[in-house]
Structure formats: C-alpha cells, structure tokens
Amino acid sequence: MNKREFVQSLGGASLGLMFGEGALARFAGLPPAVLARQDDFWATLRKQYRLTPDYINLENGYYSMQSQPVLEAFIGHVRETNYEASHYLRTRQYDDKLAVRKRLAQMAGCSPDELIITRNTTESLDTVIAGFDWKAGDEAIMAAQDYGAMLDMFTLQARRYGIVNRVVSLPLDPKSDDEIVQLYANAITPKTRLLMICQMVNISGQILPVAKVCDMAHQKGVQVMVDGAHAFGHIDFAISDLHCDYYGASLHKWLGAPLGAGILHVRQDHIATLWPIYGDMSVPADDIRKLNHTGTHPVHTDLGINNAIDFHLGIGIERKEARLRFLQRYWSDQVRGVPGIRLNTPTDPKRSCAIANVAVGAIPSPDLAKVLLEKYRIWTVAIDTANVHGVRITPHLFTSTADLDTLVRAVKTLAGS
C-alpha cells in the first residue's frame, strides 16, 4: 500500500469517529476545496482544541498546539511510563519507537530504514551538517532566508574546517520555478558538496521547487538537504517526490505532536558516510540508528506521535491542506494591493499555503506585532531578517474566518492611519 492509499484508507473512518456519522454523511463526499469553505464543519473541529479567550492565535508556525484528544492521550503516556518506569524502558520502548518510525515512514513516503525520530528540525539537519567529512575549501550553498540555527551550524563548520558558505537571497515573488533553480545553479562551483533548501520558507511561507533544484544539483554532483520544518503534515507530498538526499522536519508544528519530536530522513547510500554526533559502537555504520543515540529521553513523546498521526489521518492531508490554503488566501486576498500594505508572500497561490507575511507602511515589524497584540488582541511574530520585514501570520485548522476578519480590519485600519 502506498502513502496515498494508506492515508485514504484511514481518513474516512477516522472522520466519522471524530465528528460523528452525521458529519461524515454530510461532509465526507465533498471535494477538499469545497469542504475548505464549510465553516460549520471546521467549527466542529475547532472544539477539539482548547483556545485561550485572551487573544487570537495566529502564530502557529512556531508550535502548533496538540488537539485535546492528542494531549489527553499524551498525558496518559506520561502517567503510564512513569508508572512502569524502568520496566517499560528495558522491555518495550524500542519496539514501540520502531512502530512509530514505521508509521511516520509510511506517512512520509520513505523506508523506515531511512528515517529516525529526532527532537526537531534543527537537530535533524545539524546532524547532517556536522556529519559531513568536511575539508578546507569545500563549499556549501544556502539562502539568507533559511532558518538561523542551520545557518549558524554552517558558520561553525566554516570556523572549524575552513569550508566556504555561499549564500543566495530568494526573491519574494518569483516569476517561475526556473528563476529559483537558476539562482541556486549560479552558486554551484566544482567545490560545492552540499546545498540546503527550504521546502517552505518559515519567514514568508514561500514554497520552493525542491525537486527541480535537487535534479539540477544532482546533475552537477551536489547533494541536497531539505528543511521541511513547515511542510510535513501541512501539505500533501512524499519525500520520494522531492528527490533529495536528506530531509528534516518537526512534528510539533503541523502534525500537532507533543513538543520535542522531529524526523530525519537520510538516503540509504549516504548513511555510512555520515559521522554521528554521539558515538554508539553497537550500531553498524550503514544503519541510520547510529545517528540517533539519544540516551534516556522522554519516551512518552514518541508514544504521543502515534496519537497525533491518528488525529491527522482522521482529517486527511488533502482536506487539511485545502483548508489551510483557503484560510491564508481568505485574509491575504483582502489586503493584497491595498495602499500601505505589503505582502512578503508570493502572489501565485500555488507558491504558499497557511503561512504568509504582511507589512504595514513604515511601521517596524516589532511595533506592528506589538500593536496587533495590545490593541487588537492578535498574537503574531515579528520577522525582520534578510529581505522579509513584517509579521508572520500563521492560522491553523482551528482558526475561524471571523478571526481573520478581525485581522483584516486591524491591518486595513493601521494602513489607513
């Protein structure tokens, strides 16, 4: 059974359990793009989350809260592992973690032998960066808009080994995929060994043509590492579709898993060449588990991933992606082109999903985030890096169109004043 058949086999039945058979009968047959606009359906889903009345949460890209069913199951895992203590750790933890790995691999569209559970995207990708056998003069390519933790790790390798980091800058509104591919291609030299690219840029929401960049880089003998922090559980894809060598993502973002959960995918033929950060001589050099020596860690987090997968599959990735795209365009289309308002997210709807970034006049990003919270009770995050200056707006499945109406009124009012 492939990834799509696996998801579809569970989606319908789980939807009925989550919303009741009446909801299933009423909504299950609707195409995702149509269901995305059915606010009464999503209002039912909203009840699965505990939301604060103090502010509208539009900063879900950093950490997307667990739904109540997932949270309660997670708390149960904490209690049970505490109850069994060392007996659980010495008898069942490894088999349980393997079972979760297999489910994640099936979701991701890769082999379980090429995937491990980490704490987050930073740990995943820094494991790859640190694991390369760098030599002085080797080159790596990245974008100024990439996540700071990975840029810092490349800087550290430059200090330690004398590698050269070539940094490109992404256009905010590219005209074509070829524009992006050529940008990276122009930075490659005969000394380039690794190229890092975001699947979805965290500060702007831009979706990049990863497979095309990977194909180009491979033709030039360059390996590619993909930052999928904001894509996994957010948009519908399989890692195999991306043609990449390495892939890292966080599960406490769009999958809604407990904090401290991520994945790392390494293509089988690259595993043996990576140096692990921590020594573990019990694992063969060509076994991906050599990169996953965690010591004693919160095993209840691993168990909670299972419940997050169940909840995610109950909704269905196609429904989820369609709703998230709808929510972003619902508010951004209302302010795009309004005098004094600037969107730092591509115009083409295919180049973004839930995440977008907006600036208002000459208001500095931190001040804009502050006034949105203090005056309009809207929680966002200020972005002020590379060529992206504004606030990141990240709705989630529990976000209502009424929440976004409040955002639109606030942004327009600020622009007018």
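The values are calculated or read from the model by the stated rules, or taken from the named source; none is laboratory data. Nothing here was measured: the structure is a model prediction, and the numbers come from that model. Neighbour counts are summed over all protein chains in view; Cβ atoms, including those assigned to glycine, are modelled from backbone coordinates with ideal geometry.
Looking at the range 278-300, is at least one residue among the hydrophobic types (A, V, I, L, M, F, W, C), within 30 Å of Gly221 (Cβ to Cβ) and not in a helix (DSSP H, G or I)? Yes - at least one qualifying residue is present in the range 278-300.
Can you name the number of the only condition in (1) assigned to a helix (DSSP H, G or I); (2) outside the structural domain of Ala217 (by TED's automatic domain parsing) that Arg90 fails? Unmet condition: (2). Residues that are over 18 Å from Ala402 (Cα atoms) and part of a strand (DSSP E or B) within the range 362-382 comprise Val381, Ala382, listed in sequence order.
Checked across the range 114-121, the condition of being touching a residue at least 24 places away in the same chain (Cβ under 8 Å) and over 19 Å from Asp245 (Cα atoms) holds for at least one residue.
For the range 262-275, the condition of being in contact with a helix residue (DSSP H, G or I) (Cβ under 6 Å, 6 or more places away or on another chain), among the polar types (S, T, N, Q) and assigned to a helix (DSSP H, G or I) holds for at least one residue.
Filtering Ala359, Ala354 for residues that are modelled with pLDDT of 95 or more, in a strand (DSSP E or B) and on the phi < 0 side of the Ramachandran plot leaves a single hit, Ala359. When Arg79, Arg159, Arg101 are checked against the criterion of being surrounded by 16 or more Cβ atoms within 10 Å (Cβ to Cβ) and assigned to a helix (DSSP H, G or I), Arg101 stands alone in meeting it. For the range 62-75, a residue qualifies if it is at pLDDT 95 or above and either outside any loop (DSSP other than H, G, I, E, B) or surrounded by 20 or more Cβ atoms within 10 Å (Cβ to Cβ) (or both), and the qualifying residues are Gln66, Ser67, Gln68, Pro69, Val70, Leu71, Glu72, Ala73, Phe74, Ile75. Among the residues of the range 93-107, those identified as touching a helix residue (DSSP H, G or I) at 6+ places or on another chain (Cβ under 8 Å) and either charged (D, E, K, R) or not assigned by TED's automatic domain parsing to the domain that holds Thr296 (or both) are Asp96, Lys97, Arg101, Lys102, Arg103.
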